[in-house]
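The values are calculated or read from the model by the stated rules, or taken from the named source; none is laboratory data. In this text the structure is predicted, and so the values were computed from the model without any measurement. Ideal geometry is used to build each Cβ from the backbone, glycine not excepted, and the neighbour counts take in all protein chains shown.
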Amino acid sequence: MFNLVESLIDAWSTHEQVIWNLQIVFMGIMVSLSCGLVGCFVVVRRMALLGDAVSHGILPGIVIAYLLTGSLSVGPVWIGACIAGLGCGACIEWLRTKTPLREDAAMGLTFTSFFALGIVLLSLEVGQVHLDPACILYGEIGLTPLAPELVLWGVPCGNQALWNMGLVCLATMISTVVFYRFLLVTSFDTSLARSLGMPVASIQYGLMLLLALVVVASFESVGVILVLAMMILPPVSSSFLFRRLPNILLSCLPLSILYSLGGLHLAYWMNFPISASMAITGVVIFLPCCLFGPNGGIFTNTKSLSIQEGSKGIPIN
Amino acid sequence: MFLLIWKRLRCALLLLALFWMPCVLCAAQISSNLEQDWINKAFRFWTFADYSIQVIALGAILIGINCGLMGGYVVSRRLSMFGDTLSHAVLPGIAVGFMISQSRDEVALMIGATFSGFVGVGIISLLKRYTKMKEDSAMGLVLSGFYALGICLITYLQKSSGGGMAGLESYLFGSLVGLSADDLIPLCLCLAMIILCFVLLNKELLLSGFDPSFARSVGLPVDLLHFCLWILLAFCIVSSLQIIGVVLVSALLIIPAATAGLLTHKMSRLLLFSGILGALTGIIGCFLSFLVERLPAGPVIVLCSAFLFLTVLFFNPVRGILPSWIRTRKRGQRIRCENTLKACYQVLEESSFSSQSFSQTSLARRRRKSDAEIEREIDVLIREGYATRQIILLEQKSELPSENMISLTPSGWEIATRMIRNHRLWELYLTKEASYAPDHVHDDAEKIEHIIGEKTVRELERILDNPRRDPHGKLIPSQNDIDRGWLSPPLVTEK
């Protein structure tokens, strides 16, 4: 059943296939790179579940913007998604501080309600729309090459979807480099950041905006839930390999190339959706990192094992 | 007694009406857009006319009760996001169960889903214990990883086995179509198990949830109880998946329980309320989804319960945001009123109660406020019936054309003396019994005078042996003075 050579070679056998698949691979690299870069900060701030909540919460914004403008271009959709995402974040914060609800309940309540609202809006208007619920759940990266050609001043410049994602990826990289110091300090030591005069709250909101931008740009490719995988997997895997944040950030690039290529081939071999197989490739790469990674892997780090051996039982907080 | 019942009933009816109106309006609008005979459909639904509707409605109610009951524990133990993770983690199990049984066999799907849910939770706990990963990243990792695996397996099955797999798609968002009586059996079983477990183990579950170390010290098998709860939770989620869908089942766990948490703090009542709320939203969501064919059931049920949550959050008569905002506003108004009245008394006292009225400027001087502000305060007093205002024309040569003279009405006088009495009694109490310095007691008394009731004041009088003078040597009006009313003679003469 499994023929390694065939499944590796098949995707690159003809000229058309090479062009088609290269576009998908590029798209995958850019999606997982930008998600991974944002994800590094999200994970160290222990906001991973907030990332999940926001990625669900932007759905009504996307749908409303789509229904108003009738197109899925990044601009208006991004604005709608940012409004919804920030609204979702604000709702969680308000419920957490102003009502007796705890943080986890506030989060679970808000994002599921937002998501449900999005789905209901979507299914009411589904007749005229090519945005179908399944696409939101696991994306259609495989259809990237079908996106219309971008024409600038009469010159065809290639695939529009790729350009959009490329711009978002570039924006993510630039803002990571420019604001690196701010992000680093506010992530690890809020009080130091305050004493250095950094605007902690604005940086937090800026990160949320960036998160919304990345999620919006990638949700069409990988879907709402797998965005979370693309955000968490790179930093978590490489945190078992490296100690310092710059190394972890840099390792996002090779990891995303691996995810993209691995996902494509896995999808070819098993007939899976490409986005989900990218996530599975990520998990497969995560496993050896977690088990044998030099920085805190399970089998290489016997110290922490012996310390915590005393506790046992079922995993409840 | 009857009044109390009627009051409660009225609140409940109001809530219900508030909740129903938009629902019905919304349903009406949607349906008229679709030009369907919605009255007919609604009638068919609410009379439970045919068999399929009976099945659907029963299913929705059962799911609501199950998830509501389990949610009570999930939310109170702060496991909401665990519920979400668990509901995503069961997806590969469903696909594997299907692969093994080669049909939509309920038992196989159930076993597979429960198993994979457990594997997911186990991985979270392993990652948390043996690596440096934090809980949130571990949960996110398991959630998205298992979900990706489930999506892959389901797509693979769909592509490899052709049309027979249409049902598995519905596990993502849920659907009511094709729900048969056989599908209700797991729901009933689950409900029976939950109720049995909660009734038999009520005390143990409560204790192990809220104080695990104490429970352990009295010899309860805490881990076993947690395990029990996990099995129930997994079973509950798996049995609801077909109607609600993977993505939103956690909402049904969280929202009714959170709503019930706003209404009560007692665990048994919380469970009861959240079960009822779950059933209510289940059936209403079902109805809307039945009315408009394109609406998937899961999201509509979730929206309904979110709507109910918001209604309770804002309009709950005891702790709701709107009622407590109104109460705070009213209290603020009352306190401002009382402060003005107290100042009026002090102005009158300065003039040794020689006349019944005083000028507005003297009050302004006393309160250290501008004339315009005092004007507004007096307007409030007049509106409440505590004071009257006369405009007295001064002589022609005076620069000011007129002067406002204020006099208090009997009710205003009563409140003013009462406040002064509370204030001075409290000052005296602090100096005598709590050994405060006399110049430190004013601010404290300024706050407490509005709050202490008649009973406490009597108690103070008893402790202080019916005093007549406060620490600053001023007269404390007695209950007699208050009862006798407007400027009673002894008060004037004694001064």
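Some values worked out for this structure:
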| item | result |
| --- | --- |
| Qualifying positions in region B:222-248 - in contact (Cβ under 8 Å) with a residue 24 or more places away in the chain and over 24 Å from B:Ile56 (Cβ atoms) | B:Leu225, B:Cys228, B:Leu229, B:Trp230, B:Ile231, B:Leu232, B:Leu233, B:Ala234 |
| Members of region B:122-142 found to be closer than 26 Å to A:Pro273 by Cα and either more than 7 Å from chain A (Cβ to nearest Cβ) or at pLDDT below 85 (or both), listed by number | B:Ile123, B:Ala138, B:Val142 |
| Breaking point among (1) more than 8 Å from every other protein chain (Cβ to nearest Cβ); (2) within 22 Å of A:Leu287 (Cβ to Cβ); (3) at pLDDT below 85, for B:Thr85 | (3) |
| Only listed residue being aliphatic (A, V, I, L, M) and over 12 Å from the mean Cα position of the chain (by Cα), chosen from A:Ile285, A:Ile225 | A:Ile285 |
| Qualifying helices (runs of 4 or more DSSP H) (wholly inside region B:59-168; at least 2 residues being under 30 Å from A:Pro100 (Cβ atoms)) | B:80-89, B:106-130, B:135-161 |
| Residue within region A:26-37 that is within 13 Å of chain B (Cβ to nearest Cβ) and over 21 Å from the mean Cα position of the chain (by Cα) present | no |
| Qualifying residue in region A:91-101 (condition: of a type in the set (Val, Ile, Thr), buried (at least 22 other Cβ atoms within 10 Å of the Cβ) and under 19 Å from the mean Cα position of the chain (by Cα)) | no |
| So A:Gly206, is it of a type outside the set (Lys, Arg), touching a helix residue (DSSP H, G or I) at 6+ places or on another chain (Cβ under 9 Å) and away from chain B (no Cβ under 14 Å) | yes |
| Checklist (1) at pLDDT below 85; (2) assigned to a helix (DSSP H, G or I) applied to A:Met1, failing item | (2) |
| Qualifying residue in region B:436-450 (condition: in a helix (DSSP H, G or I), surrounded by 17 or more Cβ atoms within 10 Å (Cβ to Cβ) and of a type in the set (Asp, Glu)) | no |
| Subset of region B:199-210 (residues that are away from chain A (no Cβ under 13 Å) and either without any contact (Cβ under 8 Å) to a residue 40 or more places away in the chain or in contact with an Asp or Glu (Cβ under 7 Å, 6 or more places away or on another chain) (or both)) | B:Val199, B:Leu200, B:Leu201, B:Lys203, B:Glu204, B:Leu207 |
| Members of region A:255-278 that are within 13 Å of chain B (Cβ to nearest Cβ) and surrounded by fewer than 20 Cβ atoms within 10 Å (Cβ to Cβ) | A:Gly262, A:Tyr268, A:Trp269, A:Met270, A:Asn271 |
| Selection within region A:88-103 - free of Cβ contacts under 8 Å to residues at least 12 places away in the same chain and within 9 Å of chain B (Cβ to nearest Cβ) | A:Lys98, A:Thr99, A:Pro100, A:Leu101, A:Arg102, A:Glu103 |
| Residue that is farthest from the chain's Cα centre (by Cα), among those in region A:177-222 that are within 19 Å of A:Leu245 (Cα to Cα), assigned to a helix (DSSP H, G or I) and not hydrophobic (A, V, I, L, M, F, W, C) | A:Thr190 |
| Residue satisfying condition, being within 14 Å of chain B (Cβ to nearest Cβ), at pLDDT 90 or above and under 30 Å from B:Ser160 (Cβ atoms), within set A:Val222, A:Val283, A:Val236 | A:Val283 |
| Exclusive hit being more than 8 Å from chain B (Cβ to nearest Cβ) and in a helix (DSSP H, G or I), set A:Gly51, A:Gly85 | A:Gly85 |
| Some residue of region B:377-386 being over 19 Å from B:His423 (Cβ atoms), assigned by TED's automatic domain parsing to the domain that holds B:Arg469, at pLDDT 85 or above and touching a strand residue (DSSP E or B) at 6+ places or on another chain (Cβ under 7 Å) | yes |
| Search result, residues across region A:196-220 that are among the small types (Gly, Ala, Ser) and over 11 Å from A:Ala81 (Cβ atoms) | A:Gly197, A:Ala201, A:Ser202, A:Gly206, A:Ser218 |
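Rundown of residues vs (1) within 22 Å of the chain's Cα centre (by Cα); (2) modelled with pLDDT of 90 or more; (3) under 25 Å from B:Glu106 (Cα atoms); (4) more than 11 Å from every other protein chain (Cβ to nearest Cβ), yes/no style:
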residue: B:Leu225; (1), (2), (3), (4): no, no, no, no
residue: B:Val238; (1), (2), (3), (4): no, no, yes, yes
residue: B:Leu241; (1), (2), (3), (4): no, no, yes, yes
residue: B:Ser250; (1), (2), (3), (4): yes, no, yes, no
residue: B:His265; (1), (2), (3), (4): yes, no, no, no
residue: B:Ser289; (1), (2), (3), (4): no, no, yes, no
residue: B:Ala306; (1), (2), (3), (4): yes, yes, no, no
residue: B:Ile326; (1), (2), (3), (4): yes, yes, no, yes
